[in-house]
Amino acid sequence: MKKILFIVSLFLLVACSNNEVKYDGAPLKIAVVGDIPEEHNEKIHFEPISLDEFTEDTLTISTNFDAVMITPMMFEKASDDRFVNVYKNSKMPIIFFDSRKRNLPFTNEGLTYETAHLEALNNDSHTTIYISDIDANREDAWYFYLKDEKELDILYKEIFQKIETL
């Protein structure tokens, strides 16, 4: 009886810890500056890179990856003014994951994530995808909202679907 309970408990533990994202689009390769997401999908490959790697070799990163994701643990460093031109010249989607202050502290000089006022920048979005085309003198941003932490897989799916179209 104990053996059966153990097996059932183990099965439930595995089933409950499954962070599978139901994305069935094109395969995507995403460079991550910060924490690697725990969500999984066989078509999504996350690869860690440093902020310095992204800065020093933007062309190679943009050639080898579909997007760059920056996570909260790196927001303060990533919002330093020396990176503003990197984001504006990258010509690839940059995902500011879980940035309540959108892309603004990262793409505007004189702001850092810490000093930017949440009240002025918060539009209740969870994540922003930012892309800039200097040649066309154009910047675009898409905002993604998370109503409930239980819907994180849906948020990821929406982000991946948008990256696929860019």
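Coordinate-derived values only; no laboratory data. Bear in mind the structure is a predicted one, so any value in this text is a computation, not a measurement. All Cβ positions, even for glycine, are placed from backbone atoms using ideal geometry, and neighbour counts span all protein chains on display.
Please go through segment 102-122 and give me each residue that is among the aromatic types (Phe, Trp, Tyr) and touching a Pro at 6+ places or on another chain (Cβ under 8 Å), ordered by number.
So in segment 102-122, the residues among the aromatic types (Phe, Trp, Tyr) come out as 106, 113.
Listed by number, the list holds a single entry, Tyr113.
Return the residue satisfying two criteria in turn: it lies in segment 28-87 and is over 11 Å from the mean Cα position of the chain (by Cα) and among the aromatic types (Phe, Trp, Tyr), and of such residues it is surrounded by the fewest Cβ atoms within 10 Å (Cβ to Cβ). Break it down stepwise before answering.
So the first thing to find is which residues in segment 28-87 are over 11 Å from the mean Cα position of the chain (by Cα), and the list is 28-29, 38-45, 47-66, 73-87.
Of the ones still in play, those that are also among the aromatic types (Phe, Trp, Tyr) are 54, 65, 75, 83, 87.
Working: Phe54: 23, Phe65: 21, Phe75: 23, Phe83: 17, Tyr87: 24.
Restricting to residues being over 11 Å from the mean Cα position of the chain (by Cα) and among the aromatic types (Phe, Trp, Tyr), the top hit is Phe83.
For Thr115, the conditions (1) farther than 22 Å from Asn41 by Cβ; (2) hydroxyl-bearing (Ser, Thr, Tyr); (3) touching a residue at least 24 places away in the same chain (Cβ under 8 Å) are fulfilled apart from (3).
Going by the structure shown, is Leu104 under 16 Å from the mean Cα position of the chain (by Cα), surrounded by 13 or more Cβ atoms within 10 Å (Cβ to Cβ) and more than 19 Å from Asp148 (Cα to Cα)? Yes: the conditions hold for Leu104.
Within segment 88-101, the set of residues being more than 10 Å from the chain's Cα centre (by Cα) and either over 17 Å from Asp140 (Cβ atoms) or of a type in the set (D, E, K, R) (or both) comprises Lys88, Lys91, Arg100, Lys101.
In this entry, Glu139 passes the filter for residues that are over 25 Å from Asn19 (Cβ atoms) and either among the charged types (D, E, K, R) or buried (at least 21 other Cβ atoms within 10 Å of the Cβ) (or both).
Could you tell me which of the residues Ser99, Ser90, Ser132, Ser125 is touching a Pro at 6+ places or on another chain (Cβ under 8 Å) and crowded, with 18+ Cβ neighbours inside 10 Å? Step through it out loud before you land on a result.
Details: Ser90 fails: touching a Pro at 6+ places or on another chain (Cβ under 8 Å); Ser132 fails: touching a Pro at 6+ places or on another chain (Cβ under 8 Å); Ser125 fails: touching a Pro at 6+ places or on another chain (Cβ under 8 Å).
Answer to the check: Ser99.
Could you list, in sequence order, the residues of segment 90-100 that are assigned to a loop (DSSP other than H, G, I, E, B) and within 20 Å of Leu152 (Cβ to Cβ)? Residues satisfying the conditions are Pro93, Phe97, Asp98, Ser99, Arg100.
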